[in-house]
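Working notes, structure below.
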Amino acid sequence: ADGGDRHKASPLAKRIAAEKGLDLSAIKGSGPHGRIVKRDVENAQPGAAKPAAAAPSVAPVEIDHDAPLARYGIAADRYDVIKADGITKIAAKRLSESFRDIPHFPLNVDCRIDALLDFRKRINEAAGEGVKVSVNDILIKAAGLALKKVPAANASWIEDGRIALHKHADVSMAVAIEGGLITPIIFDADTKGLVQISEESKDLAARARTRKLKPEEFQGGTFSLSNLGMFGIQSFASIINPPQGMILSVGAGEQRPVVKNGALAIATVMTVTLTCDHRVVDGATGAKWIAAFRTFVEDPMTMLM
């Protein structure tokens, strides 16, 4: 030992000592200048050396019920406290675990959506009275088709080290409700027509806001889509919804200057951000998915092929 809490030991000896629970201060080194080497820790008999001290436990944070923000220096008379409902509590727990435990990374791309807006207009004109397909409905369809085109991206991490490759493209759509967020699912989004997706999404969103969804209608899904474009948000990155491997964040479509055939022009552009779980979707796979999605969005007729 060289004094204090530091000890002369080879990296291998330190690793073996840690695995055996040995205290290096109780072991005499046989290496140069008393350095502890592999043979010293391998020859140490159980009980011959003191076990390493356990890490000190962290005391749970105590919250004053009457002044819950007092430890931050905020007086209780300067705010009101409301009780979170069950959905909000579950979402808070799951998203905290997601952001802490899942290696997130984002991929951004700009999509020109003039062709999509024209496509939507023609769909609604042909669909008849009472049918109104939204941009979000088309994006759900495009996301489902991209998941089928790049099946490696339609995956979930299993905590024992395996990967689940999903057979269906079940797209969860984020819906804001009073006090939180919920994600009802459009099952088999790749196989459904736009009118059917439109009808299902409107029904699910309406029942979500009145808390009438069945658990199987919002639990599960293989992919999520969150759209804040209607609030004027240009771009953002979402937290992954476990056990899904990706979530797409959709910004507002707005007119921006672009270059067309070497000349400056104006186009309607929408920025999307794909957040991926790097354990199941690496950069190359995520890039392939977002390229497929962009193709469907910028040339929506390809969704019919």
Next item on the list: Under 13 Å from the Cβ of residue 164, count the other residues' Cβ atoms, weight Lys and Arg +1, Asp and Glu -1, and hand me the total.
Entry: -1
Notebook entry, point to check: If the limit is 28 Å between Cα atoms, which of 149/214; 121/260; 20/93; 167/214; 132/214; 93/192 go over it?
Noted result: 149/214; 20/93; 93/192
Margin query: Could you report the chain's accessible area per residue, 1.4 Å probe, as an integer in Å²?
Written below: 59 Å²
Note to self: Just to confirm my numbers, what's the Cα centroid distance between region 89-156 and region 261-305 in Å?
What the structure shows: 11 Å
Check: What residues have an amide H closer than 5 Å to that of residue 111, excluding those fewer than 5 places away on the same chain, when H is modeled at 1.01 Å from N in the peptide plane?
Finding: 270, 271, 272
Margin query: Testing the spin-label approximation: label points 7 Å from Cα along Cα→Cβ at residue 65 and residue 282. State their distance in nm.
Written below: 5.4 nm
Next item on the list: Any chance you could give the angle, 0 to 90 degrees and rounded to 10, that helix 135-149 forms with the longest Cα principal axis of the chain?
Entry: 60 degrees
Margin query: Using the crude model of +1 on Lys and Arg Cβ and -1 on Asp and Glu Cβ, and no other charge, please compute the dipole size for the chain relative to its Cα centre, in debye to 20.
Written below: 840 debye
Notebook entry, point to check: Do the sum for the chain: with -39,500 (n - 2.57) for every DSSP H run of n ≥ 4, divided by all residues, what is the mean residue ellipticity at 222 nm, to the nearest 500 deg cm²/dmol?
Noted result: -10000 deg cm²/dmol
Item checked: the chain: angle of helix 194-209 to the longest principal axis, Cα-based, in degrees nearest 10 -> 60 degrees
Next item on the list: Work out the P(r) tail for region 193-305: percent of alpha carbon pairs separated by more than 18 Å, whole number.
Entry: 65 percent
Note to self: Solvent-accessible area of residue 79, probe 1.4 Å, all protein chains present, reported in Å² to the nearest ten, please.
What the structure shows: 50 Å²
Check: Per the 1.4 Å probe, what fraction of the accessible area of region 87-147, in percent, lies on carbon and sulfur atoms?
Finding: 57 percent
Check: Between residue 89 and residue 167, what is the label-to-label distance in nm when each label sits 7 Å out along the Cα-to-Cβ direction?
Finding: 3.7 nm
Next item on the list: Kindly sort 204, 12, 181 by accessible area of their heavy atoms, largest first, with the probe set to 1.4 Å.
Entry: 181, 12, 204
Note to self: Give me the percent relative contact order of the chain, please, defined on Cα pairs under 8 angstrom at least 6 residues apart.
What the structure shows: 19 percent
Check: Which residue, 227, 261, 124, tops the fluctuation ranking in a GNM of the chain built on C-alpha contacts under 10 Å?
Finding: 261
Notebook entry, point to check: Counting Lys and Arg as +1 and Asp and Glu as -1, what is the net charge of the other residues whose Cβ lies under 15 Å from the Cβ of residue 207?
Noted result: -1
Notebook entry, point to check: Taking GluC sites (Glu not before Pro) that fall in a DSSP loop and have at most 15 other Cβ atoms within 10 Å as cut points, what is the longest piece of the chain between them?
Noted result: 179-305
Margin query: Between 0 and 90 degrees, rounded to the nearest ten: what's the tilt of helix 11-20 against the longest Cα principal axis of the chain?
Written below: 90 degrees
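The values are calculated or read from the model by the stated rules, or taken from the named source; none is laboratory data. Quick caveat, the model's predicted, so the values are computed rather than measured. For neighbour counting, all protein chains shown are included, and Cβ atoms are generated from backbone atoms with ideal geometry for every residue, glycine included. The protein model used for the area step is the full one, side chains on, heavy atoms only, and it has no ligands, DNA or RNA in it. Shrake-Rupley method; radii C 1.70, N 1.55, O 1.52, S 1.80 Å.
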